[in-house]
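The values are calculated or read from the model by the stated rules, or taken from the named source; none is laboratory data. In this text the structure is predicted, and so the values were computed from the model without any measurement. So basically every Cβ, Gly included, is an ideal-geometry build from the backbone, and we count neighbours across all protein chains shown.
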Amino acid sequence: MPGEVSDVSDVSDVMPGEAPGEVPGDVVWQSSPPGSIYDYIKVASFSIGPDGLVNQWSLRAEQLFGIPTDRAVGMDPIEAFVTEDRRDLGRRKMAEVLDGREWTGVVPFRVTDEGTGRVTEGLAEIYVMPTRTEEGERAAVCIVVDVRTLRSIETDLAASQAIFGQSPFGFLLIDPDLRIRRANQRFASIFGGTVDDHRGRTVKDYLSPGESERVSAILHRVLETGDSVTEMLVTGTVPGSTERRHWSVNLYRVHGGSGRPIGIAWLATDITARRAAAREAAQARRNLALLNDAGARIGNSLDLETTARELLDVAVPGFCDLASVDLYQGLLAGDETPPGLADGSAELRRVAFASAVSDAPFIGGPKPVSVGAVHHFAFTSACADALRTAKPQSIAAEDGGLIQSTLAVPMVAHDTVVGLVQFSRTKGSEPFGERDRALAVELAARAAVCMDNARLYRREHERALILQRSLLPPGDPEASGLDIACRYLPGNTATEVGGDWFDVIELPGHRTALVIGDVMGRGLRAAVAMGELRTAVRTLALLDLEPAEVLSALDEIARGLGTPGGTQQSTRGARQSRDADLSEVYLATCVYAVYDSVTRRCTFANAGHLPPVLVEPGEHALMLDVPPGMPLGVGGEPFEEVEVELPEGALLALYTDGLVESRDHPLDEGLQAFVGALTDPSDPLEDVCDHVLSTLDTHHGEDDIALLMARVQGLPAESVGDWTLPREPRSVGRARELARSQLAGWELEPLVDTAELLVSELVTNALRYGEGEIRLRLLLDRTLVCEVWDAGLVQPRRRRARDTDEGGRGLQLVGLLSAAWGSRRTPRGKTVWFELPLPHGGKPLADPAEALLSLF
């Protein structure tokens, strides 16, 4: 058709980097490759003859309008494409064109598909150019563009220009030769110059040789494979600055309309600040993780040296390369205020050291200090200054040394400096910063608090242990009719002092109270509570109460220990139904047993304690069935008594739970092991105790152990004189005769006068103030005991008689001549007794005549 040019030669694709028209050699026409701009715009052409009908129709026109050439040629374009209401205007314009005038305009068109009947509507921009035929007649050539496609291309170009030019990111279009074809303003503002200044450059003009080679290789790979690259990190500098910058680059291959690669798009974001923030966040996370690790690992032991090693286990190598801990020697020795503490001149002991650098020696002073060595820092040194001011100090690195930087951090707990920790980093590591300084202070403070707690615990533990041992029976206790052996073992050093105790209390009538108990809890408070209960037991035992009554009174006392007002206030609080603070309630278990050497009977009462164990000669050991009752301090429940006859030679064992209970095995297993260890009751008691402890040694260490062993040795029948006297006056004389005769049989003539006088007084009082029959009993063991029983409930009361009184001096006389005297209630009355030392005991006897004269 007129105006169209055919290809005159076949030319291959342009060489890389060469634009059309730059082909070397002869100048030739070159076809537009598929996918060019013309394909996008969809330009079509046709010509109109002098008659106003179409006489040529291009292939593009076929594609645009959907009308084949054979039907289009000879067609009236006005009738075919213009709507009916606009045809008059169209014919006028056509006449003007054929009259030689150019025309350009937008014309709506409509095409009906004859095959399907489908109507297509469109909007065409037409360029009409007048021309002449060979005969000289006027004709026209029409260039048609689909307006919708054109407007879409214009919009796309505008959007592309806006994105490229206004993007806040560095935007590059790189050609197949890896040269910059286009850069946006953001890129130019970072690297200087105008946008045009960067055309033709490569990445070698912006990056260091090593980095540019790496990036160029990635660009080649993207161009060859078409695989996109996201978040590629590129590091470099910008003109006028030496600061290292970091960019996150996204790369993707750009294709033409035919799919042919035409270059690479480069989209870069400056992430220098983000990486710095990420490093800060990562460091903060590491520090938090380190502090969390410190909280879990530091302070698991109450030992100072162990705590120091735990600190270094956390710090090396997670925080530093080398570290050491020095503690004041005085604090380690238990001194409250070591000399020189305030000015930092006191001696310190190096208790821990750790290194992550091939066991390199610590270089932090004039000479290395080994672990365990006692030393002090020079007064002018940074370490001494840190101790004086309680503030961390930085120590400068020595030239040529291994250490790059050191922090000397005082260990402060409760405003008290307990020592110094030094953190060091070797050359090649990052120097300490402000954040590291704060972390070092926090680590040292946590360890210092744990160490101070350990020091305070050690002091309290020692005091509690001293208190506890001072309250235990001194030496080997002695008792009438019993062979006694005992053991007390405190828990190991990692366990606080407990409230275990035992006691052996001699009672009138050659009876003995055996007590064992355990205050629940640990520490000084438990030891103090144990001391109060032990004192209360001794006081109640001297009142000669029954075992169940003793435990009932102890229960009231235990409930009053945790109340500011004592037992009375506790009772009032119970009446008012107020809730007790369980943290202030003192609970204790206890077994109280009274053994009578004359009858060889033992009465037990139990307050929540483990049962006693009895081993009879020739029999297996067994646990006595004594009702356990409730622990002391619970209140509200009565205690039961159980009376057991103990055969001669039997072995009785009382113990606390530390002997049989452990976290490694159940209680029943420990009890069976203990019962199994008691085999032969005839062995010496000391050997029996040692055998039990050695057998159960694997279970010991978690709690205190108290063990009380007693072998029964009843009072022989020949050492007992027992008579019943009628209630009549002549029984006084009969009592004197019986006492004189019995003492003579025992070869105790030196005691006859005194005993006869005191027996006469007690029997006379029983006749005058008592009721029922009178029973007289004499007991010989380590002392001589005389007991007078009657059915009366009125207890004798000693009073001072005036000079004119005829009576009232009997009990005064008993008190002057006897070593001890007293009275106690019995199930059927009362018993009044006195005790005399034996002549060979070394204690001088009182003269009855002088005692009588002293009353007047």
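Can you pull out every residue in region 592-602 that is at pLDDT 90 or above and in contact with a helix residue (DSSP H, G or I) (Cβ under 9 Å, 6 or more places away or on another chain)?
Of everything in region 592-602, those that are at pLDDT 90 or above and in contact with a helix residue (DSSP H, G or I) (Cβ under 9 Å, 6 or more places away or on another chain) turn out to be 592, 593, 594.
Any residue that is farther than 30 Å from residue 97 by Cα, among the small types (Gly, Ala, Ser) and surrounded by 12 or more Cβ atoms within 10 Å (Cβ to Cβ) - is there at least one of those in region 151-160?
Kept after step one, since they are farther than 30 Å from residue 97 by Cα, are these residues of region 151-160: 155-160.
Now narrow it down to the ones that are among the small types (Gly, Ala, Ser): 158-160.
With the extra rule that they be surrounded by 12 or more Cβ atoms within 10 Å (Cβ to Cβ), the set shrinks to none.
Scanning region 151-160 turns up no residue that is farther than 30 Å from residue 97 by Cα, among the small types (Gly, Ala, Ser) and surrounded by 12 or more Cβ atoms within 10 Å (Cβ to Cβ).
Can you pull out the residues in region 721-737 that are within 28 Å of residue 601 (Cβ to Cβ), buried (at least 18 other Cβ atoms within 10 Å of the Cβ) and hydrophobic (A, V, I, L, M, F, W, C)?
725, 735
One line per residue, one yes/no per condition, for (1) within 25 Å of residue 596 (Cα to Cα); (2) among the charged types (D, E, K, R):
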| position | (1), (2) |
| --- | --- |
| 512 | yes, no |
| 517 | yes, no |
| 527 | no, no |
| 531 | no, no |
| 534 | yes, yes |
| 537 | yes, no |
| 547 | yes, no |
| 552 | yes, no |
| 559 | no, yes |
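Can you find, within region 226-280, the residue that is surrounded by the fewest Cβ atoms within 10 Å (Cβ to Cβ) among those that are among the charged types (D, E, K, R) and more than 52 Å from the chain's Cα centre (by Cα)?
Within region 226-280, the subset among the charged types (D, E, K, R) is 227, 231, 243-245, 253, 260, 270, 274-275, 279-280.
Within this subset, residues satisfying the condition of being more than 52 Å from the chain's Cα centre (by Cα) are 253, 260.
Numbers: 253: 18, 260: 11.
Residue satisfying both the conditions and the ranking: 260.
Has region 697-704 got any residue that is crowded, with 16+ Cβ neighbours inside 10 Å, outside any helix (DSSP H, G or I), in contact with a Phe, Trp or Tyr (Cβ under 6 Å, 6 or more places away or on another chain) and not charged (D, E, K, R)?
no
Out of the residues in region 201-226 meeting the condition of being assigned to a loop (DSSP other than H, G, I, E, B) and out of contact with any helix residue (DSSP H, G or I) (no Cβ under 7 Å at 6 or more places or on another chain), tell me which one is nearest to residue 275 (Cα to Cα). Before the answer, list the steps.
The first filter runs over region 201-226 and keeps only residues assigned to a loop (DSSP other than H, G, I, E, B), leaving 201-202, 206-208, 226.
Next, only the ones that are out of contact with any helix residue (DSSP H, G or I) (no Cβ under 7 Å at 6 or more places or on another chain) stay: 201-202, 208, 226.
Numbers: 201: 28, 202: 26, 208: 20, 226: 29 Å.
It comes out as 208.
Within region 630-651, can you find the residues that are in contact (Cβ under 8 Å) with a residue 24 or more places away in the chain, of a type in the set (Gly, Ala, Ser), under 22 Å from residue 557 (Cβ atoms) and surrounded by fewer than 22 Cβ atoms within 10 Å (Cβ to Cβ)?
635
Can you pull out every residue in region 167-194 that is among the small types (Gly, Ala, Ser) and under 22 Å from residue 218 (Cβ atoms)? Break it down into steps so the answer makes sense when it comes.
Initial filter on region 167-194 (among the small types (Gly, Ala, Ser)): 167, 170, 183, 188-189, 192-193.
167, 170, 183, listed by residue number.
Which one is surrounded by the most Cβ atoms within 10 Å (Cβ to Cβ) among residues in region 101-117 that are at pLDDT below 85 and either of a type in the set (D, E, K, R) or part of a loop (DSSP other than H, G, I, E, B) (or both)?
Ranking the qualifying residues of region 101-117, first place goes to 110.
Where residues in region 55-75 are under 13 Å from residue 143 (Cα atoms) and outside any helix (DSSP H, G or I), which of them is nearest to the chain's Cα centre (by Cα)?
My answer is 58.
Could you say whether any residue in region 521-535 is farther than 30 Å from residue 332 by Cα, within 35 Å of the chain's Cα centre (by Cα) and either modelled with pLDDT of 85 or more or not polar (S, T, N, Q) (or both)? Show your work before the answer.
Start the filter on region 521-535 by keeping residues that are farther than 30 Å from residue 332 by Cα, which leaves 532-535.
Next cut, within 35 Å of the chain's Cα centre (by Cα) only: none.
Looking for residues that are farther than 30 Å from residue 332 by Cα, within 35 Å of the chain's Cα centre (by Cα) and either modelled with pLDDT of 85 or more or not polar (S, T, N, Q) (or both), one finds none in region 521-535, hence no.
Against the condition at pLDDT below 90, out of contact with any strand residue (DSSP E or B) (no Cβ under 6 Å at 6 or more places or on another chain) and either farther than 30 Å from residue 437 by Cβ or in the same structural domain as residue 435 (by TED's automatic domain parsing) (or both), how does residue 294 come out, does it pass?
Values: at pLDDT below 90: yes; out of contact with any strand residue (DSSP E or B) (no Cβ under 6 Å at 6 or more places or on another chain): yes; either farther than 30 Å from residue 437 by Cβ or in the same structural domain as residue 435 (by TED's automatic domain parsing) (or both): yes.
When the stated conditions are applied, residue 294 passes them.
Of everything in region 620-672, what is closer than 17 Å to residue 709 by Cα, part of a loop (DSSP other than H, G, I, E, B) and not hydrophobic (A, V, I, L, M, F, W, C)? Give them in sequence order.
Of everything in region 620-672, those that are closer than 17 Å to residue 709 by Cα, part of a loop (DSSP other than H, G, I, E, B) and not hydrophobic (A, V, I, L, M, F, W, C) turn out to be 620, 647, 648, 649, 656.
Before we move on, is residue 409 modelled with pLDDT of 90 or more and of a type in the set (Val, Ile, Thr)?
On the way: modelled with pLDDT of 90 or more: yes; of a type in the set (Val, Ile, Thr): yes.
Judged against the criteria, residue 409 is a match.
Tell me the residue from 136, 193, 165 that is loosely packed, with under 11 Cβ neighbours inside 10 Å and over 23 Å from residue 59 (Cα atoms), please. Step through it out loud before you land on a result.
Details: 193 fails: loosely packed, with under 11 Cβ neighbours inside 10 Å; 165 fails: loosely packed, with under 11 Cβ neighbours inside 10 Å.
Only one candidate qualifies: 136.
Step by step: first the residues of region 128-166, then only those that are among the hydroxyl-bearing types (Ser, Thr, Tyr) and touching a residue at least 24 places away in the same chain (Cβ under 8 Å), then the one that is nearest to residue 81 (Cα to Cα). Which residue is that?
Within region 128-166, the first condition is being among the hydroxyl-bearing types (Ser, Thr, Tyr), and the residues that meet it are 131, 133, 149, 152, 155, 160.
Narrowing further to those that are touching a residue at least 24 places away in the same chain (Cβ under 8 Å): 131, 133, 149.
Working: 131: 22, 133: 24, 149: 18 Å.
Applying the filter and picking the extreme gives 149.
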